[in-house]
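Accompanying notes for the structure given below.
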Amino acid sequence: MLRCTGVTPTQPSPIKGEGFSMPRKPPPSLPTPKQILDFIAQSGQPAGKREIARAFGLSGHEKILLKSLLKDMADEGLIDSAPGRAFHKAGGVPRVTVLRVISVDDGQVWATPESWHADTPAPRLRVIEKGRRSALALNDRILARTEEAGKGHVAHVMKTLARSAELVLGVVRKEGDRHFLTPVDKRERRELTISDLKDAQPGDLVLAEPSGRPPRTTARVDAILGDPFAPRSFSMIAIHKHGLSDEFRDEAIEEAGRVAKLPLGDREDLTHLPIVAIDPEDARDHDDAIGAAAREDGGGWDAIVAIADVSFYVRPGSALDKEARARGNSVYFPDRVVPMLPHELSSDICSLKQGEVRAAIACHLHVGKDGALKSWRFSRAKICVTANIAYEDAQAAIDNLDEESFEVASSPCSMPAVDGPVSRDLVDKALKPLWACWKALLAARNKRDPLELDLPERRVVLDEKGRIMSVAPRERLDAHRLVEDFMIAANVATARALEKKKAPVMYRIHEAPGREKLVALKDYLATFGVEFALGQVIKPATFNHILDRVGEHDARPEIMEQVLRTQMQARYGPEPLGHFGLALASYAHFTSPIRRYADLLVHRALVGSHGLGEGGLPKEDADNFAAVGEQISMLERRAMEAERETIDRYVAAFLADRVGQILKCRISGVQPFGFFATVEGLGGDGLVPAAILGNEYFRYDEAAKALVGEQSGETFKQGQKIELKLVEANPASGALRFELPEGKFAAPPRDRRDRTVSRGPRRGRPANIRHQGRKR
């Protein structure tokens, strides 16, 4: 029988003063809501209605009243019910529940509830496996008993459950009388026999449910999504594969239309200033604008970074806020954007468009002549962007000036909005002051010496029908660097301002690399004759000096990528751990609240701590920053993967007409089973299997990241430029496959009497690979 500790069922305490507001007062024979919550919290096993009634000695008509009281408590948001009708505190973790393993790292297993309906992010629970170590794997399902431990929860495994069937995204292929499913995930190389085709046709993109065990796994078509090769279909593949929400609930749409009509209220009027928004040519939203003017006292510049005031429209706990938190960020594809906020806000009322008065939070900066931030303040303002300018147009306008004409206007002045090409008036009153201020910010940046990795993005250009016109790297201009440095300055000022107010901060955290990755980098650099001392204090400048020593070596791009892989992944959280890559002690994202939930939280913290009006950060949200930071970091990684895979699909589609041609490539990665190559100037990754490299063993040198032929000495090394024949380009998966051109590199056949051939492959390794590397 369950007993409750510290609760006296026969003497219920009154409701008054306990923080609960009930529709009706329970009769004296019933426990109070406070006592029921205490019992649920202290119970050693799931507490349903029967257990609660037994603990408080209720019977007959009292059980009927208890059922009504529990329903009232659920309606009030005080308790939730778990499967099996056991109750737990609202927003809490059920005493017994089904969990899914999300991380297995060095013996530590973490899981989250498989079903979670609270507004807060699903919690992470540390899993304790009795009598065994790390027997669980990623995505395993377990039934577990949970308990609070400190500020978190732990889960004790009761039993392991069968994995639920996850839908597979793939393309239907017909061979003879049979149909097969070709998965779009290029990491999955097995096809599945389709047992139930429904109305799908060969070539259709479908969602299918796998069943059975390997090697007899089959697939049943669940949904037909259409032609995977039609224009604008590649982003839909990513949307379905990664579970992105591309539609908003009706209540969020209705709320967006309602709040878009809100009057701006009392704000600092900055509409007379020549503030400009400099963005990519194909930008879908504009959430930042900048302006600068030389100070009359000669002490540097007054700069303004104006950011869309999203916190004014999206209030904590609203339908819009719940949608934004669940998405975490906008996801950008070549053909569409999956926005964090409905288009009524993201691309309209919150977007800083030229000639339109918009609500903004303005960061006012005093930038010294040396580029240091001397002071800052924040205000809720209304602005009118003078012009939306593409990076290329802003750069061309500045490049067309001769050096002697580059003089800064002493102060900004009112000017009409500009349409079309950048006018000389706009250059004089807006761009020239910005460039002059940026030169000071750049000097301060160079003194700080942050990590400098020049790894260009790929840009896919589509025509009006969504067909691919070109794929090429984006050019990196001074205009890009200018906007970036103004944004960094505002982000630094934001973090410092919140710290000064002792307000909560959602930091952008980037920690220094761990020793294991540094050791791997040291071994890799040694193959190029570049020394790297592990005993030194590692700073961003350490890696910049390595790249300086490499110079214009052919392997420079791969070495930069290896340096990038050495870095820790940036994340969000409330810990002031600094940003290693930018060489900054305090850093928070402030400049993109239309597309990043972290920035919206930072805006709310500013509003609340600086008394800027309504829409500040609630205390319960501030207390939950650690969990929210973890969730939006995960959502950011999901978005990045979806965007990268979609670009790969477009590249594969672009190259589909060149199958059979010899392409200039470079080796981007080497593994024991072969090497990956990327097409110069286009990107995309394709595999060259080790089995086709020649009729000899290839030794895998892990430190050098190379495959070396034992007999010929032929070497395939990361960074090596090489010509390869494209034999497959699969747009549905984004996968490429290459072969060596005929007669290239293959070692001559060995004598059949050679014993090294007759002994066959070593067990557990590819047939023609030997592995040589560090012990792990």
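Once backbone amide H atoms are built at 1.01 Å from N, VAL109 has VAL127 as its partners under 5 Å, excluding neighbours fewer than 5 places away on the same chain. Size descriptors for region 564-619: radius of gyration and Dmax over Cα atoms are 13.4, 44 Å. For region 547-667, the calculated P(r), taken from all Cα-Cα distances in 10 Å bins from zero up to the bin holding the longest distance, is 10, 27, 27, 20, 12, 5, 0 percent. Heavy-atom accessible surface of GLU630, to the nearest 10 Å², is about 80 Å², with a 1.4 Å probe and all protein chains retained.
Shape analysis of region 210-270 yields a ratio of the Cα radius of gyration to the Kirkwood radius, Rg/Rh, of 1.31.
Distance check, please: which entries in LYS322/LYS500; LYS374/LYS501; LYS130/LYS159; LYS447/LYS539 exceed 22 angstrom between their Cα atoms? Mind dumping the intermediate values first?
Working: LYS322/LYS500 29 Å; LYS374/LYS501 17 Å; LYS130/LYS159 11 Å; LYS447/LYS539 13 Å.
In this structure, LYS322/LYS500 lie more than 22 Å apart at Cα.
Only protein heavy atoms count here; on that basis, with a 1.4 Å probe, ASP657 has an accessible area of about 140 Å².
One quarter of the surface of the convex hull around the alpha-carbon atoms of region 218-368 equals 13.2 nm², the direction-averaged projected area. A Stokes-Einstein calculation at 25 °C with viscosity 0.890 mPa s, built on the Kirkwood radius of region 615-744 over Cα pairs, returns a diffusion coefficient of 144 µm²/s.
If you roll a 1.4 angstrom probe over the protein chains with everything in place, what fraction of the accessible area of region 202-289 belongs to carbon and sulfur, to the nearest %?
Carbon and sulfur: 49 percent of the exposed surface of region 202-289.
Across region 482-493, rounded Karplus estimates of 3J(HN,Hα) from the backbone phi angles (6.51 cos²θ - 1.76 cosθ + 1.60, θ = phi - 60°) give 4, 4, 4, 6, 5, 5, 4, 4, 5, 5, 5, 4 Hz, Gly and Pro being marked x.
What a 1.4 Å probe finds exposed on region 546-677 is 51% carbon and sulfur by accessible area, rounded to a whole percent.
Summarised as an ellipsoid, region 270-354 has semi-axes of 30, 16, 11 Å, derived from the eigenvalues of the Cα gyration tensor scaled by 5 and square-rooted, with the largest first. In plain terms, if you count all Cα to Cα distances in region 523-577 and split them into 5 Å steps from zero, the share in each step is 4, 15, 26, 24, 13, 8, 6, 3, 0 percent. Computed over every Cα-Cα pair of region 481-556 and binned at 10 Å starting from 0, the pair-distance distribution P(r) comes out as 14, 32, 25, 23, 6, 0 percent.
What whole-number value in Å² describes the accessible area per residue of region 153-279 for a 1.4 Å probe?
Working: 7200 Å² over 127 residues.
Heavy-atom SASA per residue in region 153-279 reads 57 Å².
The values are calculated or read from the model by the stated rules, or taken from the named source; none is laboratory data. Note that this is a predicted model, so its numbers are computed, not measured. Keep in mind that these areas ignore ligands, DNA and RNA; they rest on the heavy atoms of the full protein, side chains included. Shrake-Rupley method; radii C 1.70, N 1.55, O 1.52, S 1.80 Å.
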